[in-house]
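A short write-up of the structure that comes next.
The values are calculated or read from the model by the stated rules, or taken from the named source; none is laboratory data. These numbers were taken from a predicted model, which means no experiment stands behind them. Here the Cβ is made from the backbone with ideal geometry for all residues, glycine too, and neighbour counts use every protein chain on show. Ligands, DNA and RNA are excluded from the accessible area calculation, which covers all protein heavy atoms including side chains. Shrake-Rupley method; radii C 1.70, N 1.55, O 1.52, S 1.80 Å.
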Amino acid sequence: VSTMIKYKGVLVLLLGLSVVLSAQGFTSNVSGEQTFNFVDKMGRNQATFYSETPIEDINGTASEITGTATLEVSDFSTLKGKIEITVESFKTGIEMRDGHIHGKNWLDSELFPLVSFEIKSVSDIQKVSDTKLTAKVTGDFSLHGVTKEITTEVKAQLLEESEKTKSRMKGDLLSVRASFNVKLSEFGVENNVIGNKVADDIEVGINMVGTNSK
């Protein structure tokens, strides 16, 4: 019986150790579960979109980003949250074209005012340094009233509050860069106003910083 108890104790210890070793996250003075808010009233958080066609390349931005992300700092796989972007904030540098993008025959911002991404799972976490890592984040992406599961490549960095970071926001900061492709036809966007000037495949990028300051 004594031997069995010792064996079970060692097994539990090994299982616990394996969980610790398999956890990939940030090594920082910031610890425990943290929630980061990505609202930036200065509009510095941005989404970008790029369309490449034989006729005309289109670069655009969207700056009205809201949402939060919660994670256990030492284990990035615990990441959960939802990010939303206002369609009306999509800009391409040409006012008439922006009107088409916001209009009923394209993204229809009146009926579908938000684009969103809700995190479901995290995989392939690679630690770059104590405060930097890369990962694949899978979630539900909603556009034009259609929701599909996508996986995005993410680069994340945790920044402890300092005099330098305070120039951006108070509190500890989480910097996130993400990229993925969207096929407009899969989201019911027929693209019948702008025509062939916009490709069906759009490259999307996210560059945002959130704070845990309350």
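Going residue by residue through the range 169-182, is there one that turns out to be in contact with a helix residue (DSSP H, G or I) (Cβ under 7 Å, 6 or more places away or on another chain), surrounded by 19 or more Cβ atoms within 10 Å (Cβ to Cβ) and outside any loop (DSSP other than H, G, I, E, B)? Yes, the conditions are met somewhere in the range 169-182.
Determine whether the range 142-164 contains at least one residue that is open to solvent by 30 Å² or more (accessible area, probe 1.4 Å), in a strand (DSSP E or B), over 15 Å from Ala47 (Cβ atoms) and among the small types (Gly, Ala, Ser). No; the residues of the range 142-164 include none that is open to solvent by 30 Å² or more (accessible area, probe 1.4 Å), in a strand (DSSP E or B), over 15 Å from Ala47 (Cβ atoms) and among the small types (Gly, Ala, Ser).
How many residues are part of a loop (DSSP other than H, G, I, E, B) and open to solvent by less than 30 Å² (accessible area, probe 1.4 Å) if we restrict to the range 78-127? Full working, then the answer.
Taking the range 78-127 first, the residues part of a loop (DSSP other than H, G, I, E, B) are 90, 92-94, 103-113.
Checking which are open to solvent by less than 30 Å² (accessible area, probe 1.4 Å) leaves us with 90, 92, 103, 106-109.
Total meeting the criteria: 7.
Please indicate, with yes or no, whether at least one residue in the range 3-26 is outside any loop (DSSP other than H, G, I, E, B), under 30 Å from Ser89 (Cα atoms) and either open to solvent by 30 Å² or more (accessible area, probe 1.4 Å) or at pLDDT 95 or above (or both).
no
Each residue in the range 28-66 was checked for being in a strand (DSSP E or B) and of a type outside the set (S, T, N, Q), and 9 pass. State yes or no: is Ala199 closer than 22 Å to Asp75 by Cα, crowded, with 16+ Cβ neighbours inside 10 Å, in contact with an Asp or Glu (Cβ under 7 Å, 6 or more places away or on another chain) and in contact (Cβ under 8 Å) with a residue 40 or more places away in the chain? Criteria not met by Ala199. Exactly one residue out of Glu72, Glu33 is closer than 16 Å to Leu133 by Cα, touching a strand residue (DSSP E or B) at 6+ places or on another chain (Cβ under 8 Å), modelled with pLDDT of 95 or more and of a type in the set (Asp, Glu), and it is Glu72.
In the range 67-77, of all residues being small (Gly, Ala, Ser) and part of a strand (DSSP E or B), the one that is surrounded by the most Cβ atoms within 10 Å (Cβ to Cβ) corresponds to Ala69.
Filter the range 128-141 for residues that are assigned to a strand (DSSP E or B) and either of a type in the set (Lys, Arg) or loosely packed, with under 13 Cβ neighbours inside 10 Å (or both) and give the result.
Val128, Ser129, Lys132, Lys136, listed by residue number.
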